[in-house]
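Quick notes on the structure that follows.
Just so it is clear, none of the values below were taken in a lab; they were calculated from the coordinates. Every value quoted in this text rests on a predicted model; they were computed, and no experiment measured them. Neighbour counts run over all protein chains shown; Cβ positions are idealised from the backbone, glycine included.
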Amino acid sequence: MHIAITGNIGAGKTTLARMLSKHYNWDVLYEAVEGNPYLADFYQDMKRWSFNLQIYFLNSRFAQAQKIRSMHYQTVVQDRTIYEDAFVFAKNLEESGLMDKRDYQNYLMLYNTMSSTVNPPDLIVYLKADLPKLQSQIKKRGRAFEQSISDEYLLNLNGLYDGLAQQYLDGNMLTIDVNNLNFEGNPADFEFIVNQLNEVLVGYR
């Protein structure tokens, strides 16, 4: 199976992907954050680097999708999906005036070409988190380049994530409200997520 974890910056995707990988003995593919040559520059000047960053993430996500496609007999959990790149992050940048319309259209043409060859995940787990939770998590992990992220930017992303969750028709989606969960530090909270996941996974066995 291909299981993807989605959610806003700071929602806990990478942590949950790591924990699920260990719990179920699944393979895991993380988002290309470490070593990303554009990310720090992007947060200093979003308009200048938005297109470059989104192309980098799109290429990385497509390469992961191709790798997952070749892993026929393994279950893999993926940190973020190719859909978020186009319909949350790139769309937000265009709507906010941080990406030129022609660049966004160029980006979408490339996305459509790539996504037409990609199989959707069997299951998407959407970690839904409000602004205070996101702010707390971003501060806690301490990435210097993330500390300048504005509340407006995070709120806009949340709105687009909710829209994507409502409109997603390519497979199953499990939405988990993580505002009051500490699944990394509280075993009962992680067990709560595992139990919800197990209920969905029964249909695939």
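Some notes on this structure:
- You will find that of Ser70, Ser21, Ser50, the residue that is more than 21 Å from Lys128 (Cα to Cα), surrounded by fewer than 20 Cβ atoms within 10 Å (Cβ to Cβ) and polar (S, T, N, Q) is Ser70 and no other.
- The set of residues in the range 135-154 that are in contact with an Asp or Glu (Cβ under 9 Å, 6 or more places away or on another chain) and aliphatic (A, V, I, L, M) contains only Ile138.
- Only one of the listed residues (Leu181, Leu157) is surrounded by 19 or more Cβ atoms within 10 Å (Cβ to Cβ) and more than 16 Å from the chain's Cα centre (by Cα). That residue is Leu181.
- Scan of the range 57-76 for residues that are closer than 30 Å to Glu152 by Cα and in contact with a helix residue (DSSP H, G or I) (Cβ under 6 Å, 6 or more places away or on another chain), ordered by number: Phe57, Leu58, Arg61, Phe62
- The single residue among Asp100, Asp85 that is touching a residue at least 24 places away in the same chain (Cβ under 8 Å) and in contact with a helix residue (DSSP H, G or I) (Cβ under 7 Å, 6 or more places away or on another chain) turns out to be Asp85.
- The range 95-137: number of residues that are of a type in the set (D, E, K, R), surrounded by fewer than 19 Cβ atoms within 10 Å (Cβ to Cβ) and in a helix (DSSP H, G or I): 4
- Pick from the range 1-33, criterion within 15 Å of the chain's Cα centre (by Cα) and among the polar types (S, T, N, Q), ranking: farthest from Gln166 (Cα to Cα): Thr15
- Of the listed requirements (1) more than 15 Å from the chain's Cα centre (by Cα); (2) surrounded by 14 or more Cβ atoms within 10 Å (Cβ to Cβ); (3) within 24 Å of His23 (Cα to Cα), Asn195 misses just one: (2).
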